[in-house]
């Protein structure tokens, strides 16, 4: 049974170290953002991977009143603490922990509302401290993984502003496969069927609209960026700053962190050249065409309609592509590192370096454990 190996897990008994005194904080030169005001200061960009969310983040993040940070991933772990959902494996008894969590929350005076208040206080503190230090008015969080925990996120922050970015499903998958799998669609889909996972989840949000949201199509954004950026600023309650379109001259958020290792940094403003790049790739490859048809067959008409890509329009770019050659894949550090890792990992337990790595791992475990 799934998770049974975790049920009997117990942490070894350890002598607890004496608590040290908290380190005094340095006086802050910035005014922290009030936690009760954080919701109105939050902007979430909801998007699948490889749909142009980094481009949108850089454009909106170039506004003088917006601060952003590369994919904070604050929300996703909170969704899997056990009450709303749980992880499939953990170094503790996650199954019984989830049941205990539900019983505990049910016993709170206001149940789930109290639980969400506690989680919100955690996230508000982190968002607020970073926003307060920036001196800006709004915090933009662009973490594609949030697209898979939307029921939780929208309960946690029902009053935040949501900018929902969609792109042709096959363009999303083509970019994903070419960016991380050297164009191997079959392997990319096996590893992560991003289209089948994100389209239904985000389409449900677009149909039901439980929170304030603005739907933006990538194809429209790159072809008329000034107009759509003005729409976004108006939606989140900011003055229009049309010069933010030229994000390459203004964006200050290119910090270290999780995020797009490839895309928007190559340009200084939106570029429409990649809108139908996927079509030339698919048109000249029967295997990819078959995979495309199968992928799209997994999506409902109502989801595609809400997404902004009605089924009857999906294959039109293929006809326009004709016999155009597929664009060459751009080499990058990520794909090169992944190629090396895959080559080393292949049959690793039957190859000489596998035994060496196991030995190194053993010594690392010995050196890092609490006692010899």
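For the reader, a short list of remarks on this structure follows.
- Projected area averaged over orientations for segment 155-202, convex hull of C-alpha atoms, nm²: 4.2
- In this simple spin-label model, placing a label point 7 Å from the Cα along the Cα-to-Cβ direction at both residue 367 and residue 97 gives a separation of 2.8 nm.
- Order by protection proxy (mean Cβ within 10 Å, highest first), peptides 49-60, 185-196: 49-60, 185-196
- Peptides 312-318, 134-140, 162-168 ordered by packing proxy, namely the average of other Cβ atoms within 10 Å per residue, highest first: 162-168, 134-140, 312-318.
- Protection proxy ranking for 268-277, 170-179, using the average of other Cβ atoms within 10 Å per residue and placing the highest first: 170-179, 268-277.
No lab work stands behind these numbers, since they all come straight from the coordinates. Predicted model only: the values in this text are computed from it and were never measured. When we count neighbours, we look across all protein chains shown, and the Cβ atoms used for this are built from the backbone with ideal geometry, even at glycine.
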